[in-house]
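Have a look at the structure below before the remarks.
We did not get these values from a lab; they are worked out from the coordinates using the rules stated. Please read these numbers as outputs of a predicted model, since none were measured by experiment. Cβ placement follows ideal geometry from the backbone for every residue including glycine, while neighbour counts extend to all protein chains displayed.
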Amino acid sequence: MKLRKITALLLCALMAAALFAGCSNDEKPGNTPSGETKYKEEIIIAIGDEFTTIDPMETTAESNQIVQDCTHDLLTDTSLDTMSNAPELAESWEMVAPDHWKVKLKANVKFHDGTILNTDDVLFTLQRAIDGGYGGPSSVVQAIKEIKKIDDLNFEVFLTKPNVDFNYVMASNTFAILSKEAFETMPPEEAVAIGTGPWKFKEFVSGDHVTLERFEECTLYPVPNTKLLTFRMIPEANARMVALENGEVDVIMSPNATDFSRLSETDGLQLLTGDARTQHFIAFNMKNTNSIVTDPKFRLAVAYGYDKDEAILAAWDGYARKSTSNMSRDVEYYADIEGIPYDPEKAKSLFEECGAVGKTISLVTSDADHRVKLAQNFQAQMAEYGITITIELMQNSALTELNTSDGTTSGVEITIASWTPGMNADYMYRNPLHSEGGRNYCQLADPEIDAMIDAALSELDKEKRAEKYLELQNKIVTEVICWVPIAQHTIAFGAVEGLTGARLHPGLVHQFKTVELKIEG
Amino acid sequence: MIRYVLKRILMMIPVLLAVSFVVYFLMDLAPGDIVMQLAPTDATAEQIEQLRKDLGLDGPLLTRYFRYVGNLLKGDLGQSLSQNRPVMELFMDRFPATVKLAVGSLIVAIGISFPLGIAAATHHRSWLDGSSMVTAMIGVSMPSFWLGLLLIMLFASKLNLLPSGGDSGFLSLILPAITLGANQAGSLTRTVRSSMLDVIRQDYLRTARAKGVSEKQVIRKHALKNALIPILTVLGSTLGNALGGSVTVEAVFAWPGVGRLTVSAINNRDMTLATGCIIMFTLMLNLTLLAVDIAYAFVDPRIRARYSK
Amino acid sequence: MDNNTTKRKYSVEELKKYKKRSMWAEVWRNFKKNRTAMVGLFIVIALVIIAVFSHFYYDYAADIVHQELKDRFQKPSAEHWFGTDSFGRDVFTRIVYGAQYSLSVGIVAVAISCALGTTLGVIAGFYGGVTENIILRVCEVFVGIPSVLLGIAIMAAFGQSIVVLMFAIGLVYVPMYCRTARAAVLPVRGEEYIEAARIAGVGDFGIMFKHILPNSLSPIIVQITMGVASGILTASSLSFLGLGVPLPSPEWGAMLSEGRAYIRDYGYLTIFPGLAIMITVLAFNLMGDGLRDALDPKLKQ
Amino acid sequence: MSEKDIVLDLQNLRVRFETEDGIVYAVNGLDMKLEKGKAIGLVGETGAGKTTTALALLRLVPDPPGVVECDKLELNGQDVLNMGIHDLEKVRGKDISMIFQDPMTALNPVFTVGEQIAESIFLHEKCTYAEAQQRAVEMLELVGIPGERANEYPHQFSGGMKQRVVIAIALACHPQLLIADEPTTALDVTIQAQVLDLMKNLRKQYQTSLIMITHDLGIVADICDEVAVMYAGTIVEKGTLEDVFNHTKHPYTEGLFNSLPNINDRKAMLTPIKGLMPDPTNLPEGCPFHPRCPYADEDCKKPQVVRNISDSHYVRCGAYDRPGFHIERKER
């Protein structure tokens, strides 16, 4: 009896809450006077991965950097128009010597707290990175020996190592410039949200959404026509798609490939696509001398025998660009080399020659969806040659640890991995292929390659540099074959029609600086 | 009564410590080093060691664990390794959504199971009984993530009636609550039925009927109140478990609950966050069970008498 | 005289056998009457047969590993009863072949938890005191951790393989068996025939497992049947979350997880594995329920 | 005997339970008439169908599996048999009420005794709940329990006290007919006497008719005006106390008396009735008692008719067709 009453009461309360929620969700038209173009007040973007922090120094996760890109700015950044490194907070720079750079800041750039950007903010940001301990942008910290203030807008940078590409280092997403004054006047957790971007941090509900509001006094960028920008976390791609179709959100990131045609064909929706800079590859453990994978013939056989088109169909439903080189397409000095073409007959005889037929070889990869599919497809393809592949899946962190531990003892034979480099060519080689690289999954320790990578980086002449990278590409892909490059996957947005300013970034830090949606009437 | 409650709360402490040890130990065993993840890809070995030290992850397992427990005993769950915020804060950020889902699903479960269970018991061995029980059984047997997906497809995608996920008001609660509730309703219906069956055979119901109490009242007033004790027990553990976050349902509906937080903590090897969350679950579960024990006293005067002794 | 005693002893033995048989015959008689339970039993038997023989009928490399990408996403038809998946593999074949994973995980996990849990429970119930207290507290610890999360943590710690999966699920359910066994042993503990056995010089373990356990079997048997059901369900949850049996083994939860990206256009990829899980779990649950009724004369009117 | 004074008129009551194991014939053609203020004892072994008869009068036989059929069931001139469930609920507890065998289980453990008495009053009398509670306290005092204990729960009472509470519930609305189903069986002997006295007094006070179900012939002798002896669902002999006790006619009644201990001759052996009650799913042809009857012959396997001995006394035994038949028990 009483129970029933309580239940009824609870239901009423919930109903009331629903009404309330329903009201507050109503979309009100923009408050611009009638006659002028109206813009949707709030744009909601559905993201798949979780946003966790507004502090740019704390994380390298793309889901965080996408939001931070709206609120914070870097000294230089990739221009999505020209696909090259371009000034952001820096107005200009000059390489005095490969280890000595001069930078001039833009004048009158306003932080969200009203203060004006000056050299002290840059110095403060660097110092915070050095003091901050973990998660810091170590490539910046490592690269910079000292910053000397010249005046309020000019400073000199001395590098620890010569680097002709230092302007790319300044584009490191974790080196977003923070306001020194904000840290002096506010608690750090608030101050860290103060940037120069067109969006101000408003609220964050863990696991659900983060909301930004437009920065009315933004000087660096035009003030957005959209009042509020919300990133909602919806981990399921299907759910994101349904949310877009239902009008719950305006933009969705990474829709399922099966929804691409639906997005481009449905009235009122649009599909935006591009190639990711991410290079997916099959890596052989070059230190595992017990395994057949250290036999060059075997690796060549795999390179000939692996049908990448089929793999692309299996892993990305066909939405990826086949790679012939270890370098990604939009990276500087990429050359369209032929690589090793698919030739199953050749592969068959090579496999027989090296005695791989009938062997069982282990493959380890992470449990990411596309890797799971690539692994299964690789297994099926190799089975056609009479080679049994066993698959072991682990979480990404465990895979990273395993692949970066000593390759002679790790027992790894083959792994499927990927690498998303920065824009400049050195990123393409140093981490995944240099013997000192932090993500050298193929365990390559070839002094010749190391020397070639180092030489290419310090080469000042562009043409000579291009030649060096071409040579490297061919050597890695057709001679060393420590990798079999697979593809660069397609990245995509789904959005409501008419929405502009949502820009795909090959490095996955997509931009929403000027996102807006005109509405009729 | 108060002494009883205090005693129960004190008894939770060793359990919580043991839970913390089990989880901490498992997390330590897990391959995959959070320091490697946190460190930039081009960090040097010294930087990584320094970072390890800064995070308090240096030294042997037991040293680290005792350091952790020392803070734990002071009520400090520590700092999340992957998010650089206090674990308690992260947990409390997510907990309201979990409570909402837990309560919502419980209301659904009660709404389904009480009528169904009572109907089955009062029509024992009839077709109604049989079909109620098979229905309940289907509820128990259905993978909740599957039901969730089907509901999304139907109500969000095809009919466009309800939001597909996220926590944006009452409407968004309906589907996850039904999904989780249907599952809970299964076992709850069985409990309602069996405890009602136990009670329905009791002589005092005949007494009530002989008094002229209507059948409806006999069931609702006389029988249900007596049957409530075992039902409360199951309700309590259902609620307690739901407070632990239903990982699959949260995953399907993008529900910002603690279950997903914990899974990502485990996957990221964030041992303080994972351990902290699981300690909090255990605490919630135990507190719920304690609340149920106290609720017994309100339902049954015999238990009340025992407590006051 | 001598002759006479042996003869009498023999007849007692015979009587015992007869009595024993009649108890199970009675259970079976009750069970048979329960139509839904019989349906459950029938499905379980069918599944076991499928699981055992699919191994001989299908070739792992040709039917499970092999992919035919040109045939991907064929809708259900006469050729592909349940259609084909994103790799062009036949879903029906995979579901039939996958029965062995679900069943073996469920059954082995239950065997692990039952063996461990029952032993601990019987020990706790038999010795009482400190031993009992310690065992119960340990159980409480494991009950306090949500089962899926405990499963995930165990799999994170020991890696992803079918054996770890079995152990993870097995460990999760140990406390349940422990409690059931203890509860079943408690009322038997004081019975006179136990005293008699002790006086006759039977050791503690002999008493526990020869004399006490057989007399407390009913609730444990019910728990086992139901346990297989929840074991399968937990396994599918873990597989759904991406932790489970190695690829490309067609575990149903993993298939469901794989199919869910295509749920809008190719719903059958999600529906069939889900149905398979549901029917299997339902069958075990119905059987367990029937067993409970058949074993528990109290519930009969 | 004017029709007005008839409280209960029951004709040809048949109750059977249809179970999986077969049909149980619990009551097979039972007639009963009871005058206002009179008490009848319903005597018989366990399983004779006494309690089922009582439940049938309140129409409380659980259905399924119970099936109740009857030619006439009138209470105070009202046709209870065809009454709607709503009207029936008004009759139960108001016109007819019942005291159950086991006071330990007859009270709801989660309500106070006061609430349980008041519920009956509140349901049937036009009064507020507060008044009902007040009357409940009065009822408690009437059955000899201090009124302040109304707020206590059943578990705080002893068995005898509980039975007093049950009596208070049953009598709360001054019913015309009270059915007492072995009200003292579950009680200590000393308490039994107290409870019986209480019932006797209250019955006198309220002029309530009583059906006393018991297997204790002593209680019948103490309280009742008439006796009906039941066997296998039928009344085999019925008469006044004097008729049945001193002019016993039925062999089964004789058997009952013979199985009583003899206070005058403590050394005398008890003579139990041989054999067991017949299986109610498979009743013998004819007289159901014939397999155990020392006087039985072939004719007893035929259907039996009622034989009136006097206006008040009848017996259902075919043996009296035989010339000069008499049972061995001496008339006293």
Cα centroid separation - the range C:34-102 against the range C:146-183, whole Å: 27 Å
Relative to 2.2 N^0.38 Å, what does the C-alpha radius of gyration of the range B:17-73 come to as a ratio? Two decimals please. 1.24
Too long for a 29 Å Cα-Cα cut-off, among B:221/D:200; A:322/A:348; B:211/D:274; B:211/D:50; D:36/D:238; A:287/A:322, are B:221/D:200; B:211/D:274
Charges on Cβ only, +1 for Lys and Arg, -1 for Asp and Glu, centred on the Cα centroid of the protein assembly as shown; of D:132, A:147, C:141, which one is farthest towards the dipole's positive end? D:132
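Please compute, over every Cα-Cα pair in the protein assembly as shown, the percentage with a separation greater than 69 angstrom.
I get 25 percent for the Cα pairs in the protein assembly as shown exceeding 69 Å.
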For residue D:236, the residues 5 or more places away or on another chain with a placed amide H closer than 5 Å to its own amide H are D:229, D:230, D:231
Rounded to the nearest 0.05, what FRET efficiency is calculated for residue B:13 and residue B:58 with R0 set to 30 Å and r the Cβ-Cβ distance? 0.60
In degrees from 0 to 90, rounded to the nearest 10, what is the angle of the helix C:162-172 Cα long axis to the longest principal axis of chain C? 50 degrees
Please compute the contact order of the range B:151-309 in relative form: average sequence separation of alpha-carbon pairs under 8 Å and at least six residues apart, divided by the residue count, as a percent. 22 percent
With everything on Cα atoms, drop me the angle between helix C:174-189 and the longest principal axis of chain C, reported from 0 to 90° to the nearest 10. 20 degrees
Amide H contacts under 5 Å for residue D:99, placed H, 5+ residues apart: D:179, D:180, D:181
Compute the angle between helix C:35-57 and the longest alpha-carbon principal axis of chain C, please, reported from 0 to 90 degrees and rounded to the nearest 10. 60 degrees
Can you list residues whose amide H is under 5 Å from residue D:39's amide H, if they're 5+ apart or on another chain and H is modeled 1.01 Å from N? D:210, D:225, D:226
When the helix-only estimate is applied to chain A (DSSP H runs of n ≥ 4, each -39,500 (n - 2.57), divided by the residue count), what is the mean residue ellipticity at 222 nm, nearest 500 deg cm²/dmol? -9500 deg cm²/dmol
Residue-wise HN-Hα coupling along the range D:7-14, computed from phi with Karplus coefficients 6.51, -1.76, 1.60 (Hz; x: Gly, Pro): 7, 10, 10, 10, 10, 6, 6, 10
Any idea what the relative contact order of the range D:1-120 is, in percent, if you count C-alpha pairs under 8 Å spaced at least 6 apart? 27 percent
Give me a comma-separated list of calculated 3J(HN,Hα) values for the range D:231-243, in order, Karplus coefficients 6.51, -1.76, 1.60 applied at θ = phi - 60°, integers in Hz, x for any Gly or Pro. 9, 6, x, 10, 8, 8, 7, 9, x, 6, 3, 4, 4
Counting only C-alpha contacts under 8 Å and six or more residues apart, can you give the relative contact order of chain B as a whole percent? 26 percent
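Is there a pair in A:518/B:158; B:216/D:72; A:110/A:145; D:33/D:302; A:373/C:70; C:32/C:210 whose C-alpha atoms are over 21 Å apart, and which pairs would that be? Could you put the intermediate results ahead of the total?
On the way: A:518/B:158 28 Å; B:216/D:72 28 Å; A:110/A:145 28 Å; D:33/D:302 26 Å; A:373/C:70 16 Å; C:32/C:210 29 Å.
With Cα atoms farther than 21 Å apart: A:518/B:158; B:216/D:72; A:110/A:145; D:33/D:302; C:32/C:210.
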Whole-Å distance, taken between Cα centres, linking the range B:117-172 and the range A:273-297: 47 Å
Quick one: what do you get for the range C:134-218 if you divide its Cα Rg by 2.2 N^0.38 Å? 1.44
Dividing the convex hull volume of the Cα atoms of the range A:410-479 by its residue count, what figure in Å³ per residue is obtained? 96 Å³
Between the range A:482-521 and the range B:198-227, what is the C-alpha centre distance in whole Å? 66 Å
Dimensions (Å) - the range D:1-130, Cα atoms, principal axes, largest first: 47, 43, 29
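Considering only the other residues whose Cβ falls under 12 Å of the Cβ of residue B:261, what net charge follows from Lys and Arg at +1 and Asp and Glu at -1?
For residues surrounding residue B:261, the net value is -3.
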Using the Karplus curve 6.51 cos²θ - 1.76 cosθ + 1.60 with θ = phi - 60°, what ³J(HN,Hα) values do you get for each residue of the range A:403-411, in whole Hz, with x for Gly and Pro? 6, 9, 7, 4, x, 6, 10, 5, x
Expressed in nanometres to one decimal, the distance between label points 7 Å along Cα→Cβ at residue A:156 and residue C:46 is 8.5 nm
Of all beta bridges DSSP finds with both residues in the protein assembly as shown, what is the antiparallel percent, to the nearest 5? 70 percent
Among DSSP beta bridges whose residues both lie in chain A, state the antiparallel percentage, nearest 5. 80 percent
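Mean Kyte-Doolittle of at least -0.5 and a Cα length of 15 Å or more along the axis: which whole DSSP H helices of chain B meet both?
Working: long enough: B:2-29 (41 Å, 1.75); B:61-73 (18 Å, 0.46); B:87-122 (49 Å, 1.39); B:127-141 (21 Å, 0.93); B:170-200 (39 Å, 0.89); B:224-243 (27 Å, 1.21); B:271-299 (41 Å, 1.87).
Result, helices passing both filters: B:2-29, B:61-73, B:87-122, B:127-141, B:170-200, B:224-243, B:271-299.
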